[in-house]
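What follows is one structure encoded as structure tokens, with my remarks underneath.
The values are calculated or read from the model by the stated rules, or taken from the named source; none is laboratory data. The shown structure was predicted, so the numbers you read here are calculated from the model rather than taken from an experiment. Here the Cβ positions follow ideal geometry from the backbone for every residue, glycine too, while neighbour counts run over all protein chains shown.
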Amino acid sequence: MTPLYWLAWSTSRMLFRNLFRCRVYHPERMPLTGPVIIASNHESYLDPPFVGSSFHRPINYLARENLFSNWLSGPFLSGLNAVPVDRGGGGAKGLKSILERLMDNNAIIIFPEGTRTRDGKIKSAQAGIGLTIIKSRAPVVPVRLWTYNACGRHRRMPKLVPIAVKFGHPIHFHSLREKAGTCPRPELRNLYQQATDETMAAIAAMRPVMDRA
């Protein structure tokens, strides 16, 4: 970890433990070496630092490309291993940056829904996650978050209630990746969609670990 990343990681870890009484389930399922895609549902602004501070490994984050042109936020985001992408996160330049980070054996967190939920329920995934999965050949760790009650869209200020994160077993997609290497191009889209569907199903299948009322 760079000094800036370590400082942000340590601060986040302390705040989530002491203010939100966070619960972290099965962080040992997160590989500590090699390329990893962390695919998570998205409930609040707390999600990226909460996931990133839940285990002892630096990860890469996605951030809007225009934020890197600012003299203050640009160096700060770069120090936190942020990857510049367009607002939708599905552009060719953003995909290339993501794949390059994975090829360098980094871990990167992706929110397939693209944006925070408005009602606490998991939304459909946007296009692009399946393509990233198939082309990267990195294992995918599904993650389920429960942060909506603390800092969802309906709150102007965070509420100091318990939050939780649960890590699933890595998914390797060996079969789909083998098919993608030999199948006709028109069939690739179906394989990308299957990878997306299986990832979202793994996230949704994680049983709730706390009262969300």
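On the given criteria, is Ala39 of a type in the set (Gly, Ala, Ser), at pLDDT 95 or above, assigned to a strand (DSSP E or B) and within 23 Å of Ile129 (Cα to Cα)?
Yes: the conditions hold for Ala39.
Residue pairs, Cβ under 6 Å, 6 or more apart or interchain, first in the stretch 101-118 and closer than 18 Å to Gly52 by Cβ and among the aliphatic types (A, V, I, L, M), second at pLDDT 95 or above and part of a loop (DSSP other than H, G, I, E, B). List them.
Leu102/Pro35; Leu102/Ala138; Ala107/Ile59; Ile109/Ile59
Does the stretch 101-114 contain at least one residue that is among the aromatic types (Phe, Trp, Tyr) and more than 23 Å from Pro139 (Cα to Cα)? Show your work before the answer.
Of all residues in the stretch 101-114, those among the aromatic types (Phe, Trp, Tyr) come to 111.
Restricting the remaining residues to those that are more than 23 Å from Pro139 (Cα to Cα) gives none.
No, the stretch 101-114 contains no residue that is among the aromatic types (Phe, Trp, Tyr) and more than 23 Å from Pro139 (Cα to Cα).
State all residues of the stretch 143-173 that are of a type outside the set (Lys, Arg) and touching a His at 6+ places or on another chain (Cβ under 8 Å); if no residue qualifies, say none.
Once the filter is applied, which keeps residues that are of a type outside the set (Lys, Arg) and touching a His at 6+ places or on another chain (Cβ under 8 Å), the stretch 143-173 yields Leu145, Phe167, Gly168.
Check off (1) out of contact with any Leu (no Cβ under 7 Å at 6 or more places or on another chain); (2) outside any strand (DSSP E or B); (3) not aliphatic (A, V, I, L, M) for Phe20 and give me the number that stays unchecked.
Exception for Phe20: condition (1).
Is at least one residue of the stretch 58-66 surrounded by fewer than 19 Cβ atoms within 10 Å (Cβ to Cβ), free of Cβ contacts under 8 Å to residues at least 12 places away in the same chain and either among the polar types (S, T, N, Q) or in a loop (DSSP other than H, G, I, E, B) (or both)?
Within the stretch 58-66, one or more residues are surrounded by fewer than 19 Cβ atoms within 10 Å (Cβ to Cβ), free of Cβ contacts under 8 Å to residues at least 12 places away in the same chain and either among the polar types (S, T, N, Q) or in a loop (DSSP other than H, G, I, E, B) (or both).
Just to check your reading of the model, which residue among Glu198, Glu187 is surrounded by fewer than 18 Cβ atoms within 10 Å (Cβ to Cβ), part of a helix (DSSP H, G or I), at negative phi and at pLDDT below 95?
Glu187
Condition check ((1) within 20 Å of Pro112 (Cα to Cα); (2) at pLDDT 95 or above; (3) among the basic types (Lys, Arg); (4) part of a helix (DSSP H, G or I)) across all residues:
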{"site": "Met1", "(1), (2), (3), (4)": "no, no, no, no"}
{"site": "Ala8", "(1), (2), (3), (4)": "no, yes, no, yes"}
{"site": "Thr11", "(1), (2), (3), (4)": "no, yes, no, yes"}
{"site": "Glu43", "(1), (2), (3), (4)": "yes, yes, no, no"}
{"site": "Val51", "(1), (2), (3), (4)": "yes, yes, no, yes"}
{"site": "Val83", "(1), (2), (3), (4)": "yes, no, no, no"}
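Let me spell it out: the conditions are (1) touching a residue at least 24 places away in the same chain (Cβ under 8 Å); (2) more than 13 Å from Ala39 (Cβ to Cβ), and Gly168 meets all of them except one. Which number is the exception?
If we test Gly168 against (1) touching a residue at least 24 places away in the same chain (Cβ under 8 Å); (2) more than 13 Å from Ala39 (Cβ to Cβ), just (2) comes out false.
Give me a count of the residues in the stretch 34-48 that are more than 19 Å from Arg137 (Cβ to Cβ) and touching a strand residue (DSSP E or B) at 6+ places or on another chain (Cβ under 9 Å).
Of the residues in the stretch 34-48, 8 are more than 19 Å from Arg137 (Cβ to Cβ) and touching a strand residue (DSSP E or B) at 6+ places or on another chain (Cβ under 9 Å).
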